1. Using the basic label-point model (7 angstrom from Cα toward the beta carbon), what is the Ala104 to Glu137 distance in nanometres?
2. What is the Cα centroid distance between the stretch 86-134 and the stretch 30-78, reported in whole angstrom?
3. Charges at C-beta only: +1 for Lys and Arg, -1 for Asp and Glu. How large is the resulting dipole of the stretch 32-138 about its Cα centre, in Debye rounded to 20?
4. Just how much of His35 is accessible, in Å², when a 1.4 Å probe is used and the result is rounded to the nearest 10?
5. Given a 1.4 Å probe and every protein chain left where it sits, what share in percent of the accessible area of the stretch 40-143 is carbon and sulfur?
6. Would you kindly find the accessible area of Asp89, with a 1.4 Å probe and non-protein molecules such as ligands, DNA and RNA excluded, rounding to the nearest 10 Å²?
Amino acid sequence: MGGALSSVLGGDAAAAAASTDDSSSSEPSRVTVFHSSQRWQLHFNASKQLNKLMVVDFAAAWCGPCKMMEPIVKQMATKFTDVDFIKIDVDELSDVAQEFSVQAMPTFLLLKQGKEVGRVVGAKKDELERKIVQHKEVPKFAA
């Protein structure tokens, strides 16, 4: 019973890492977790057509700073509803991590129309939020 109760209360990390990272909170998370390189590639290619900021959290299950940032990223996803938040486990999708030259965890990649517009390496909450605010806005000179 303890294991089942743990899963319901969000103690099981594997159960929490569902497609949209639904944990025990009453609201579903707005962070999309990819477990397949092919699905990530489809999403990434589709995002190139949109002028929407995407924040990709490259993390690892064993990474302490990554675990510390997880609730912060979920809060940011709730706050910045016009931003697409993605989580990728570097051990699970190492090819995707290599494609973006990720060498440390956590690494937050800010992408717009498939192009990197910013990068934050480390558990730097304030820097990440500042870059999200900076890049989520459509430039004033854009049509």
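1. If labels sit at Ala104 and Glu137, their model points lie 2.8 nm apart.
2. The stretch 86-134 and the stretch 30-78 have Cα centres separated by 8 Å.
3. Details: 15 positive and 14 negative charges, 68 e Å.
About 320 debye.
4. Using a 1.4 Å probe on the heavy atoms, I get roughly 90 Å².
5. Details: 3030 of 5580 Å².
Within the stretch 40-143, the accessible surface is 54 percent carbon and sulfur.
6. Taking all protein chains as shown, Asp89 has close to 40 Å².
The values are calculated or read from the model by the stated rules, or taken from the named source; none is laboratory data. A quick note: this is a predicted structure, and the numbers were derived from the prediction, not measured. Cβ: placed from backbone, ideal geometry, glycine included. Neighbour counts: every protein chain shown. Side chains included, ligands, DNA and RNA excluded: accessible areas come from the protein's heavy atoms. Shrake-Rupley method; radii C 1.70, N 1.55, O 1.52, S 1.80 Å.
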